[in-house]
Amino acid sequence: MLGESYIYRDRTLYCESVALDDIVSRLGTPCYVYSAGSILGRFNAYHSAFDATPHMICYAVKANSNLEILRLLAEAGSGFDIVSGGELYRVMKAGGSPSKVVFSGVGKTAEEIAYAIDNDIHCFNCESASELVLIDSIAARHRNRVRVAFRVNPDIEAKTHPYISTGLREHKFGIDFEEAEAVYQRALSFSHVVPESLSCHIGSQLLDTGPILEALDKMLDLVDRLRAGGVPIKTLDLGGGLGVAYQDGDVAPPIPDFIREMCRRAATRNLEVHIEPGRSIVGASGVLLTRVLYRKRTGEKEFVVVDAAMNDLLRPALYKAHHSIVPLREAPERGAIVADVVGPVCETGDFLARDRSIANLLPGDLLAICTTGAYGFVLASNYNSRLRPPEVLVDGAGWRIIRARETYGDLIQEEI
């Protein structure tokens, strides 16, 4: 579905006040476009809903790590959730403060931990007892004490794709809920970590907030037990996970309603609340622009071949994810067809849509693949030695390139 910043005017698709075909005339296709207004609007929806509740919104960098988007959010007051040393580097290059960074992920290396400690990040979200031992030993060598949380697995089913569900015992993430109190008691015996936070994250693209609120209730009970056992829990990190509307029938949870209910349930615990939204901030802000190359029929099957491919947008091939596809110029008099929209990559799995009812397209027509602001460019690759597309940020009536299109020279510059 088109995000709130996209609208047709005189049958031409605009992002804010910019006609998208104007961008194509300058930059060609494929090309990613993002709306600054959408990004800031959704961030502020989170921030304002917290009202007087102490909080930190830590944008999940993995959703879209472009420096200009990170800068935009840093200037709005955002913190950041990172899962690698490279993401910390990006945050700092974009002007983000390490003091507002939480470091998540199951496989942090010693080098990444040392880098984060040297830059005084806010907190590590530990995912195993052995990780805690490593953090403590590195902090000791650096003569530092660092905040840590344990990511606790509440064993709650997230109603989402199995690849992005993370809250069950069978998943690789976090520690078992039943082991949490013992692990925190052990953490109290270490000299260079301060176990004052509790963390969980049950999955992504959740259109039903029920499982998140169920996890919140379990975490609040655990906070009470940990405090009774002498663990000074000050912060509860509930992760991210709110979904966005990818297709007709999807209803995204209203951000303010969810945050207010979360604050209401946590109100009596004297906690600072952290959340780690990614997709729900940037997902609807983006489209991937592409051009129709060919129409092709094989037996009963109709194909629309475009110049964007699975290397530009992996989600359909990886998750069988649905992204609405709309023309940049409406031509309702042509009618509609049912077709597969496919790219040039030499894989049968290179598709952007299958058996989709779409406009009756002709070679040269321009299309927007919707809701690609999250997990779009960040999953792009140079497979088939294809150049990754440029990225553009629209702000009102203006736009600017925030990543240049790659060149053939870029493909080989690191090779020997």
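Since every read-out is calculated from the coordinates, none of them should be taken as a lab result. Bear in mind the structure is a predicted one, so any value in this text is a computation, not a measurement. Heads up, the Cβs are rebuilt from the backbone with ideal geometry, glycines too, and the neighbour counts pull from every protein chain shown.
Backbone N atoms of region 341-368 closer than 12 Å to the 7 Å Cα→Cβ label point of TYR8 belong to residues 359-360.
Multiply the residue gap between ALA110 and TYR319 by 0.36 nm, knock off their C-alpha separation, and tell me the result in nm, one decimal place. All intermediate terms of the calculation are to be shown ahead of the outcome.
On the way: separation 209, 0.36 × 209 = 75.24 nm, distance 3.19 nm.
Full extension from ALA110 to TYR319 adds 72.0 nm.
According to the square roots a ≥ b ≥ c of the eigenvalues of the Cα gyration tensor, what is the shape class of region 329-407, taking rounded for a/c under 1.5, prolate for a/b larger than b/c otherwise, and oblate for the remainder? Verdict is oblate for region 329-407. What the pair-distance distribution of region 36-281 shows, using all Cα-Cα distances binned every 5 Å from zero, is 1, 6, 15, 19, 21, 18, 13, 6, 2, 0, 0 percent.
Roughly what % of DSSP beta bridges within the chain run antiparallel, to the nearest 5? Just about 50 percent of them are antiparallel. In terms of the mean number of neighbouring beta-carbon atoms within 10 Å, the peptides 263-271, 319-327 order highest first as 319-327, 263-271.
On full extension of the chain, what length is gained from ARG71 through LYS93, given 0.36 nm per residue of separation minus the C-alpha to C-alpha distance?
Values: separation 22, 0.36 × 22 = 7.92 nm, distance 0.86 nm.
Net length gain for the segment: 7.1 nm.
On a per residue basis, the convex hull of the C-alpha atoms belonging to region 2-71 measures out at 118 Å³.
Selection among ALA397, LEU288, PHE177 by position relative to the dipole of the chain gives ALA397 as farthest towards the positive end (Cβ unit charges, Cα centre). Karplus-based coupling profile of region 10-27, in residue order and whole Hz: 6, 6, 10, 7, 10, 10, 6, 10, 10, 6, 5, 5, 5, 5, 4, 5, 8, 10, with θ = phi - 60° in 6.51 cos²θ - 1.76 cosθ + 1.60 and x standing for Gly or Pro.
For region 168-306, what is the convex hull volume of its Cα atoms per residue in Å³? Intermediate values should be presented prior to the final figure.
On the way: hull volume 25.1 nm³, N = 139.
Roughly 181 Å³ of hull volume per residue.
If R0 equals 56 Å, the separation of the Cβ atoms of GLN185 and TYR383 corresponds to a calculated FRET efficiency of about 0.70. If you wrap region 62-153 in the convex hull of its Cα atoms and look at it from every side, the mean projected area works out to 5.7 nm².
Here is how the number arises for the chain: DSSP H runs of 4 or more residues each give -39500 (n - 2.57), the sum is divided by the residue count, and the result at 222 nm is -8000 deg cm²/dmol.
Evaluate E = 1/(1 + (r/R0)^6) for ARG264 and LEU207, where r is the Cβ-Cβ distance and R0 equals 30 Å; express this FRET efficiency to the nearest 0.05.
Values: r = 21 Å, r/R0 = 0.70.
Calculated value: 0.90.
Taking amide H as placed 1.01 Å from N in the peptide plane, ARG356 has its amide H under 5 Å from the amide H of ALA339, ASP340, VAL341, each at least 5 places away in sequence or on another chain.
Using Stokes-Einstein with the Kirkwood hydrodynamic radius over Cα pairs, what translational diffusion coefficient do you get for the chain at 37 °C and a viscosity of 0.692 mPa s, in µm²/s rounded to a whole number? Intermediate values should be presented prior to the final figure.
Working: Rh = 22.6 Å.
Diffusion coefficient, whole number: 146 µm²/s.
Taking the average, over residues, of other Cβ atoms within 10 Å as the packing measure, peptides 331-338, 188-195, 287-294, 223-230 rank 287-294, 188-195, 223-230, 331-338 from highest down.
Can you tell me the relative contact order of the chain? Whole percent, Cα pairs under 8 Å, sequence separation 6 or more.
Relative contact order of the chain: 20 percent.
Residues whose amide H lies under 5 Å from that of CYS31, counting only those 5 or more places away or on a different chain, are LEU289; hydrogens are built 1.01 Å from N in the peptide plane. With a Förster radius of 41 Å applied to the C-beta separation of ASN44 and ASP176, the computed FRET efficiency comes to 0.65.
Sequence gap at least 6, Cα distance under 8 Å: using those rules, report the relative contact order of region 10-89 to the nearest whole percent.
On the way: 43 pairs, mean separation 19.4, N = 80.
The value is 24 percent.
Using +1 at the Cβ of each Lys and Arg and -1 at the Cβ of each Asp and Glu in region 36-281, identify which of GLY77, GLY41, ILE212 lies farthest towards the dipole's positive end. Looking along the dipole axis, the top candidate is GLY77.
One quarter of the convex hull surface built on the alpha carbon atoms of region 296-336 amounts to 4.2 nm², the projected area averaged over directions. Full extension of the segment from ARG405 to ARG145, taken as 0.36 nm per residue of separation minus the current Cα-Cα distance, would add 89.3 nm.
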